[in-house]
Amino acid sequence: MKPVNVIFDTDPGIDDAMALLLLHALPSINVQAISTVFGNASIEDCTRNALYICERFSLPYPVYKGAGVTFSGLAETAYPDFVHGADGLGDVGFPVPTRRAEPQSSVDYMIETLRATSEPIEVLAVGRMTNLAEALKQAPDIAPLIDRIVMMGGAVAVPGNVTEWAEANIYGDPEAAAFVFDSGVPVLMVGLDATLEHRMKKTALMSLRNQLGDAGEFLWQIKQCYLKFYADKGIFDGFPIHDSTAALALVHPECFEIRPGRLVCETLGEQRGRTVLTPSEDGPHTVAMAADSERLTALFETAMQTTYSARSQ
Ligand code: BDR
Ligand code: CA
């Protein structure tokens, strides 16, 4: 099977960093570029983190800097440093990378690339959907050129993780989500319904530390912050790896229970950021409602071991 071309739209972010290493390791995915967005940290920090990971692990992907404010122009007042550290990568103290972002903005890159390509391209969006909304607003002609958007975000039948209703990526820019849902582009939403069912145990992370060489050490270091966040909440039996789960959904739908329908995003009132699915067989959207954790863990570990254990020998 030909690998799927993917633009990775991300806010690294601890689980985003893991997802980037995973995408590189999945033979069925061909990463075209990385597009950054603010979310887990500022746009400057998220872009620097993407560049750092590419430099440290020799990932050959161009990095395009994206939005630093929401679709409607609002700046962030408080980043989630209690989950991702103040620098977005667990405050380990990594050096500043020498690699630089491309001169073009991520929105311009997406518009130009989608218009120019004859190959199908999917966008994997694991942060706020600000860049996608902006690109679709500036260039509505790209909607039919995007094969599919696979997104980590939202919650249908489970509570949100920021408010009772809303998940973080959607809550951070509900207007962007609403615009993307209305754009006509097919969307696979991989939200908390699925990602909370696919967890990684601390013991598995420790094994990866021993097996994956520098990648294992990197993941172990950045994850300490994340582990503390979950331990403080009394969760010791495994932490979600949201963005990696979405990456796996892109090429392994067989590991998910997927429901078709039409999604809308609430933008007003106390339910702001809520994603609502009206089921229908011919709807433009699909939602991962449940995940097979065991199969996903096996796929994750095989890909990571094949790619990163070989490097460390
Ligand atoms: C999502 O929010 C971010 O903090 C994570 O990177 C993930 O994409 C989980 O709600
Ligand atoms: Ca993310």
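The values are calculated or read from the model by the stated rules, or taken from the named source; none is laboratory data. These figures come from a predicted structure and were not determined experimentally. Virtual Cβ from ideal backbone geometry, glycine too; neighbours counted across all protein chains shown.
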Looking only at segment 61-68, decide whether some residue is in contact (Cβ under 8 Å) with a residue 40 or more places away in the chain and closer than 20 Å to residue 205 by Cβ.
no
What is the residue count in segment 20-63 for residues that are of a type in the set (S, T, N, Q) and assigned to a loop (DSSP other than H, G, I, E, B)?
4
Run residue 272 past the list (1) more than 17 Å from residue 181 (Cα to Cα); (2) out of contact with any strand residue (DSSP E or B) (no Cβ under 7 Å at 6 or more places or on another chain); (3) in contact (Cβ under 8 Å) with a residue 12 or more places away in the chain; (4) within 16 Å of ligand 1 (Cβ to nearest atom) and report the number of the one that doesn't hold.
(1)
Name the helices (runs of 4 or more DSSP H) wholly inside segment 209-313 in which the number of residues that are at negative phi and either among the basic types (Lys, Arg) or modelled with pLDDT under 95 (or both) is 3 or more.
213-232
